[in-house]
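**Student:** Submitted below is the structure of interest, expressed as structure tokens.
The values are calculated or read from the model by the stated rules, or taken from the named source; none is laboratory data. Source: prediction; values computed, not measured. Note that we place each Cβ from the backbone using ideal geometry, even for glycine, and neighbour counts take in every protein chain shown.
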Amino acid sequence: MEVLDFFDKHYKLCIGIIVGIIVLCIGVILFVPMIREKQKPTILEISIAPTTAKIEIDGKTYNNGAYTFEPGSYSAHIAQDGFEEKDVSFEVVEQGRNLLTAYIINKDEGLPYFERDVADMEALRLSYDKDEKVRNFIDSYDKKLKIREILPINASYDLKDSNPGMGSYMIFMNIADGSNHGKCHHAFCLLVTGDRKNEKRIREMLDINGYKYDDYEVIYE
């Protein structure tokens, strides 16, 4: 009864308290996530080709990876032995995706150097949309990789066809994906099962299928 009497006497006060509690709860629901978001560190993702390059920013050396940075304007110096050095300016913005992508050119091989390593090629692809040379190179590389769609290629021929008077002697050849072979020095290789003396035939087999022997690293076993 005493509680009801108090409520009757202080009706407006009680309603005000209840409304205040509701408003406070709504405020907590709305603003706490915003505060938490504000407190999140600003991340810069660095992805440079080659992946072994050293990136110097404000006197500190970085590798590819994700780092905490304050929002602002920066300049990065990218270097690696055997490569042309490069300076890149970039912005780090708060509450956004900050991605630093670039590449440096190998002094001896140019862009084809990156075909040696899958990670290097993936890092290089991040420059596809902003660099015509990279775009043309990757388009050409991807076109070469389409040979995977028809691998393995099996063929055979009879030596007597090119050696009149010789008895029948069948030669069997196979062209497969050799990317995981220990002798492969590139991200993608062709593995030929057969003698290197049959290179002419291998070239013919690739030509028939619309591919060029000299576009690939070819290993024999």
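**Student:** Would it be correct to say that LEU111 is under 19 Å from the mean Cα position of the chain (by Cα), closer than 23 Å to SER75 by Cα and either buried (at least 18 other Cβ atoms within 10 Å of the Cβ) or in contact (Cβ under 8 Å) with a residue 12 or more places away in the chain (or both)? Write out each step before concluding.
**Tutor:** Numbers: under 19 Å from the mean Cα position of the chain (by Cα): yes; closer than 23 Å to SER75 by Cα: no; either buried (at least 18 other Cβ atoms within 10 Å of the Cβ) or in contact (Cβ under 8 Å) with a residue 12 or more places away in the chain (or both): yes.
No.
**Student:** OK, next. Of all residues in region 164-192, count the ones that are of a type outside the set (A, V, I, L, M, F, W, C) and at pLDDT 90 or above.
**Tutor:** Of all residues in region 164-192, those of a type outside the set (A, V, I, L, M, F, W, C) come to 164-165, 167-169, 174, 177-183, 185-186.
In the following step, the residues that additionally are at pLDDT 90 or above were identified as 174, 177-183, 185-186.
So the answer is 10.
**Student:** Evaluate region 69-89: report whether one residue or more is modelled with pLDDT under 95 and aliphatic (A, V, I, L, M).
**Tutor:** No, every residue in region 69-89 fails to be modelled with pLDDT under 95 and aliphatic (A, V, I, L, M).
Condition check ((1) of a type in the set (A, V, I, L, M, F, W, C); (2) in contact (Cβ under 8 Å) with a residue 60 or more places away in the chain; (3) touching a strand residue (DSSP E or B) at 6+ places or on another chain (Cβ under 8 Å); (4) assigned to a strand (DSSP E or B)) across all residues:
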site	(1), (2), (3), (4)
ILE48	yes, yes, yes, yes
THR51	no, yes, no, no
ILE55	yes, no, yes, yes
TYR74	no, no, yes, yes
HIS77	no, no, yes, yes
PHE90	yes, no, yes, yes
GLU94	no, no, no, no
LEU100	yes, no, yes, yes
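**Student:** Just one of the numbered conditions (1) farther than 22 Å from ALA79 by Cα; (2) among the aliphatic types (A, V, I, L, M); (3) without any contact (Cβ under 8 Å) to a residue 60 or more places away in the chain; (4) touching a Ser or Thr at 6+ places or on another chain (Cβ under 8 Å) is not true of LEU206; which one?
**Tutor:** (4)
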